[in-house]
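Participant: Here you go, one structure.
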Amino acid sequence: MFPELESFQSNIFIKSLMNLLYNFPSARKIATTNKKQLIDAMKIDNQLYFDENKLDQIIELSKNSIASGNDAHELALQKRIELLFKLESDQKLFKEKLKETLNNSSNDVIKNQVELIQSLDGFNETALNIVAETGDINRFYSASALVAFVGIDPRTEESGQMKKGWFINRKGNRYLRKAVYIAAIVAIQNNEYFKNYYMKLRTRGKSHTVAVLAVAGKLLRIIYSLVKSGKKYDPNYHYKLQNQEMSVHNNYTAKKIKKRNSNLNKQQPLLST
């Protein structure tokens, strides 16, 4: 219907383009419509959030498109976009109802868990999804049990040799897994510790997906720790821990050197005069 559009625009699922394709679901429809009508169709809340220069390029592409017109295909595309809009609307309504339910809930345990999880960057919406899917996180006997429930757990796979790594567990909760995966990407972008952890895995030859899954697994373990401790996330916690470990290591090394020097002094023969 308009194959050139996908190669021109990397993400065709943005709302402006979805509005355009819903109203003009083919290259021929776009090519035969004046620009003002196209702009009106693309507006969101009466505002155009799309570059007009790019729209001019799309119009030019539509006029030279290799696509042939087909009413049935155009109607099918409209129905799919209509379904997508409905799903987005339902998801928004669900989140609003979920927030309302949590805010009005007499269950302080659940409300507190949401607040603790939201202290992590990128987990504002994900916190609601997690609690909606898991219920009280305290019901999990360990962090590993929570990770397994989501379906991001390290396991061994045999392929010539036994190799251990992060894999998707198909028995896990796929909706929650997707939410945590996206939150892990946000954490990598905004948190230096998770960014360094991700880059360390990449330099070891791990793929992007495997590295993100590892970050997601670490985030879930932190969530479990936050709920169990009742304390909000401290972005500097990891560095404080590293400094403490370094301090302990340095003190231990200093004591060993002092003890060795002391033993050496005891072994020195007395000089005769």
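Participant: Give the number of residues within the stretch 119-130 that are in a helix (DSSP H, G or I) and closer than 17 Å to residue 221 by Cβ.
Facilitator: Number of matching residues: 3.
Participant: Select from the stretch 168-188 the residues that are in a helix (DSSP H, G or I) and over 11 Å from the mean Cα position of the chain (by Cα) and list them in ascending order.
Facilitator: Within the stretch 168-188, 174, 175 meet the criteria.
Participant: Let me ask something additional. Say we look at the stretch 10-51 and pick out the residues that are touching a residue at least 24 places away in the same chain (Cβ under 8 Å) and of a type in the set (Ser, Thr, Tyr); which of these is farthest from residue 88 (Cα to Cα)?
Facilitator: 26
Participant: Could you check residue 253 against (1) at pLDDT 90 or above; (2) of a type in the set (S, T, N, Q); (3) loosely packed, with under 11 Cβ neighbours inside 10 Å and say which number it fails?
Facilitator: Tallying (1) at pLDDT 90 or above; (2) of a type in the set (S, T, N, Q); (3) loosely packed, with under 11 Cβ neighbours inside 10 Å, residue 253 fails exactly one: (1).
Participant: Being farther than 30 Å from residue 133 by Cβ, modelled with pLDDT of 90 or more, surrounded by 17 or more Cβ atoms within 10 Å (Cβ to Cβ) and touching a Phe, Trp or Tyr at 6+ places or on another chain (Cβ under 6 Å), is that true of even one residue in the stretch 100-118?
Facilitator: No, there is no match, as no residue in the stretch 100-118 is farther than 30 Å from residue 133 by Cβ, modelled with pLDDT of 90 or more, surrounded by 17 or more Cβ atoms within 10 Å (Cβ to Cβ) and touching a Phe, Trp or Tyr at 6+ places or on another chain (Cβ under 6 Å).
Participant: Sticking with this one: Among the residues of the stretch 38-62, write down those that are among the polar types (S, T, N, Q) and either touching a Phe, Trp or Tyr at 6+ places or on another chain (Cβ under 7 Å) or surrounded by 12 or more Cβ atoms within 10 Å (Cβ to Cβ) (or both).
Facilitator: Result: 57, 62.
Participant: Then there's this: Do we find that residue 12 is modelled with pLDDT under 95, under 23 Å from residue 82 (Cβ atoms) and not in a helix (DSSP H, G or I) in this structure?
Facilitator: yes
Participant: Sticking with this one: Considering 140, 194, which residue is closer than 18 Å to residue 119 by Cβ and modelled with pLDDT of 75 or more?
Facilitator: From the options 140, 194, the qualifying one is 194.
Participant: Where residues in the stretch 189-217 are within 19 Å of residue 237 (Cα to Cα) and of a type in the set (S, T, N, Q), which of them is farthest from the chain's Cα centre (by Cα)?
Facilitator: Filtering first and then ranking leaves 196.
Listed here are the residues, each with its yes/no results for (1) assigned to a loop (DSSP other than H, G, I, E, B); (2) over 32 Å from the mean Cα position of the chain (by Cα); (3) farther than 24 Å from residue 79 by Cβ.
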| position | (1), (2), (3) |
| --- | --- |
| 18 | no, no, no |
| 30 | no, yes, no |
| 33 | yes, yes, no |
| 36 | no, yes, yes |
| 41 | no, no, no |
| 54 | no, no, yes |
| 60 | no, yes, yes |
| 67 | yes, yes, no |
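The values are calculated or read from the model by the stated rules, or taken from the named source; none is laboratory data. What you are looking at is a predicted structure, and each value in this text was computed from that prediction instead of being measured. FYI the Cβ positions are ideal-geometry reconstructions off the backbone, even for glycines, and counts take in every protein chain you see.
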